[in-house]
Amino acid sequence: MATLFKNAEQRPATTAKEERARDAALAMQEYEAEKLAIGIKTARLRALRLAKEAESNERTKRKNPGTCIRVSQES
């Protein structure tokens with residue numbers, strides 16, 4: 001009889017432990033999904049920034065073609 005009572009007390013504790021484990025797994029999945037989304041957004045924004053900088057540099061070169069520094073070779 002004592003073992004039945006002991007099992008009945010342990011059952012809610014085991015259920016709570018399993019629920020915490022499921023919550024932890026779900027939280028980890030959400031964390032990793034958010035981390036992946038941030039990485040994707042960062043890569044997209046970086047690509048846009050680099051394209052904008054390249055376009056700006058190209059415009060500057062076309063606008064001022066004589067501003068390039070030329071290195072003379074001395075023999």
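Brief remarks on what is shown
- Charged neighbours of Ala27, selected by a Cβ distance under 13 Å, balance to -2 (K, R count +1; D, E count -1).
- Note that the range 31-46 has calculated 3J(HN,Hα) couplings of 4, 5, 5, 5, 4, 5, 4, 5, x, 5, 5, 4, 5, 5, 5, 5 Hz, one per residue in order, obtained from phi through the Karplus relation 6.51 cos²θ - 1.76 cosθ + 1.60 (θ = phi - 60°); glycine and proline are x.
- Cβ-based net charge around Leu48, under 14 Å, with every Lys or Arg adding one and every Asp or Glu removing one: +3
- Lysines whose Cα lies under 17 Å from that of Lys52, excluding same-chain neighbours fewer than 8 positions away: Lys41, Lys61, Lys63
- Cβ-derived FRET efficiency at R0 35 Å, Ala27 paired with Asn57, nearest 0.05: 0.20
- Rounded to 0.05, the FRET efficiency of the Glu18 and Ile40 pair, given R0 = 35 Å and the Cβ-Cβ distance, is 0.60.
- Rounded to the nearest Hz, the phi-derived 3J(HN,Hα) couplings of the range 25-30 under the Karplus curve 6.51 cos²θ - 1.76 cosθ + 1.60 (θ = phi - 60°) are 5, 5, 4, 5, 4, 5, where x marks glycine and proline.
FYI, it's all coordinate maths here, none of it is from the lab. Note that the structure is predicted; figures quoted are calculated from it, not measured. Positions of Cβ are generated from backbone atoms using ideal geometry, with glycine treated the same way; all protein chains shown enter the neighbour counts.
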